[in-house]
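Quick one: the structure is below, questions incoming.
Just so you know, all these numbers are worked out from the coordinates, no wet-lab data involved. What you see is a predicted model; the values in this text were computed from it and never measured. No Cβ is skipped: glycine too gets one built from the backbone with ideal geometry, and neighbour counts run over all protein chains shown.
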Amino acid sequence: MPAEGVRRPAWAEVSRAALAHNVRAMKAVLGDTQLCAVVKANGYGHGATMVAPALLDAGADSLAVAIVDEGIEQRAQGVSAPILLLAEIPPETIPDALAHDLTLTVGSLAGARAAVEAAEQRGGRHQVHVKIDTGMHRMGVARDELDQVVDVLLGSSAIDLEGLYTHFSVADGSSGDDRGFTTSQIAAFDEAVAALGARGIHPRVLHGANSAGALGYDAARRSMVRVGLALYGYLPNAWLASALEEVEATLEPALSLRAQVSAVRRVPAGARPSYGRLRSMERATTIATVPFGYADGYPRRLFDAGAQVLLHGRRYPLAGVVTMDQLLIDCGDDPVSVGDDVVLLGRQGDDAISADEWAERANTITWEILCGISARVPRVLVD
């Protein structure tokens, strides 16, 4: 366990049942399309070594990670399913990727040559996916270089050109401009696939859709989709719920953040708790200290945004600015004791606080909230 993780009452609970529910929900939408579960960034903050086996057990067909170390971590715990690297990696790291049977992404001519060189040095036959830039302009082979890249790869018996893919930049957007651009990306990808097909080149795995693309665009699903956020229980945008509604499915947030009150004190009217003395108590109140702070992933800006926690099934506001390791909660005249359970994210009683709520208050995105949960917060797989 990470330092300070098990010796203070603060932890994250990750629901195996919710993860399985979300896999089933997405499978209902996808039909025969394969589901690649994205577990990069520590499983979107949920704990990659816990969630990957749970997602595979629930029916995910493969995994995707961002960096070689994330793939090696999965192999070290016995995962045998295909693992795709979602970016072209530096040449010096390719041997490690091949040694752990990670599927390479090639996004440039130089990357293709590096992949061939490393694969031939290692021997055997190694799977590669080529990523095409259709408008994201972050990484990927330009359309006018695709034939040359493919020729380099097919020129080596050590390379199995298994896949071809792209990535959407605004698939979650609901505006006409966003939808039009995503449609143009799909068309550009289809044109590239057709051009290779005319040459007799037919990669077995075609994929373009992330969670938003999978839910919002039937034509983007192809033979596989790469699903991240939706598997953890969140929609990239509310309008994408319609695809789930058509199959009578829903998503369930898989992660909750929980802690226990570590100290209680009564303060007089006019007291200004925490650093900066930014908020004056309008009346005498009970302050509860909770051992969770911005070093754990509770954004400091949530104080100004009016964030709340759940205690005894009710919402209570922060009494002062978020500190590195602790929160101060204004409990008014309500009874509270050391050891009482506090929910920062998740459900307690009839109410729930979601990562979407945090993101809206903090003027950011749900992905950043989840990925920002610190490694020192112990994750516990429940149910």
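Once region 255-353 is represented by equal point scatterers at the alpha-carbon sites, with solvent omitted, what log10 I(q)/I(0) does the Debye formula produce at q = 0.13, 0.16 Å⁻¹?
Debye curve over Cα of region 255-353, log10 I(q)/I(0) at q = 0.13, 0.16 Å⁻¹: -0.39, -0.60.
Alpha carbon centre of region 244-322 versus region 101-140: separation in Å?
Taking the Cα centre of each part, region 244-322 and region 101-140 sit 46 Å apart.
Would you mind getting me the FRET efficiency between residue 151 and residue 57? Use the beta-carbon distance for r and R0 = 35 Å, nearest 0.05.
So the FRET efficiency works out to roughly 0.30.
For a Förster distance of 41 Å, can you work out the FRET efficiency between the beta-carbons of residue 195 and residue 17, rounded to the nearest 0.05?
0.35
When the chain is treated as a GNM, springs tying every alpha-carbon pair under 10 Å, which of 100, 21, 46 comes out with the largest mean-square fluctuation?
100
I want the local charge near residue 237. Using Cβ-Cβ distances under 13 Å, sum +1 for each Lys or Arg and -1 for each Asp or Glu among the other residues.
-3
Which length gain, in nm to one decimal place, applies between residue 334 and residue 300 when the Cα-Cα distance is subtracted from 0.36 nm times their residue separation?
Using 0.36 nm per residue and subtracting the Cα-Cα distance, I get 9.7 nm.
Separation between the residue 136 and residue 363 pseudo-spin-labels, each 7 Å from Cα along Cα→Cβ, expressed in nm?
2.7
Using label points projected 7 Å from each Cα along Cα→Cβ, tell me how many nm separate residue 113 and residue 143, to one decimal.
2.6
Output wanted: per-residue J couplings in Hz (rounded whole) for region 176-193, from phi through Karplus 6.51 cos²θ - 1.76 cosθ + 1.60, θ = phi - 60°, x for Gly and Pro.
x, 5, 5, 5, x, 5, 4, 4, 5, 5, 4, 5, 5, 5, 4, 5, 5, 4
Could you tell me which trypsin sites (Lys or Arg not before Pro) in region 1-74 are loop residues by DSSP with no more than 13 other beta carbons within 10 angstrom of their beta carbon?
7
How far apart, in nm, are two points set 7 Å out from the Cα along the Cα-to-Cβ line at residue 248 and at residue 284?
Modelled inter-label distance: 5.7 nm.
Please list 3J(HN,Hα) in residue order for region 75-87, calculated via the Karplus relation 6.51 cos²θ - 1.76 cosθ + 1.60 where θ = phi - 60°; whole Hz, with x for glycine and proline.
My calculation for region 75-87 gives 5, 5, 9, x, 5, 10, 5, x, 10, 9, 7, 8, 8 Hz in order.
Report the antiparallel proportion of the DSSP beta bridges in the chain as a percent, rounded to a multiple of 5.
In the chain, DSSP labels about 50 percent of beta bridges as antiparallel.
Of 350, 325, 296, which has the largest mean-square fluctuation in a 10 Å C-alpha GNM of the chain?
Between 350, 325, 296, it is 350 that shows the largest mean-square fluctuation.
Next question, about the same structure. Report the local net charge at residue 263: Lys and Arg +1, Asp and Glu -1, summed over other residues whose C-beta lies under 13 Å from its C-beta.
Value of the local net charge: +1.
Please compute the length gained on full extension between residue 265 and residue 66, using 0.36 nm multiplied by the number of residues separating them and subtracting their Cα-Cα distance.
Taking 0.36 nm per residue and subtracting the Cα distance, the gain is 67.1 nm.
Long-range amide H contacts for residue 284: which residues qualify at under 5 Å (H placed 1.01 Å from N, peptide plane, sequence gap of 5 or more or a different chain)?
Sorted by chain and number, the residues that satisfy this are 269.
What's the local net charge at residue 125, with K and R +1, D and E -1, over the other residues with C-beta under 13 Å away?
Local net charge: -3.
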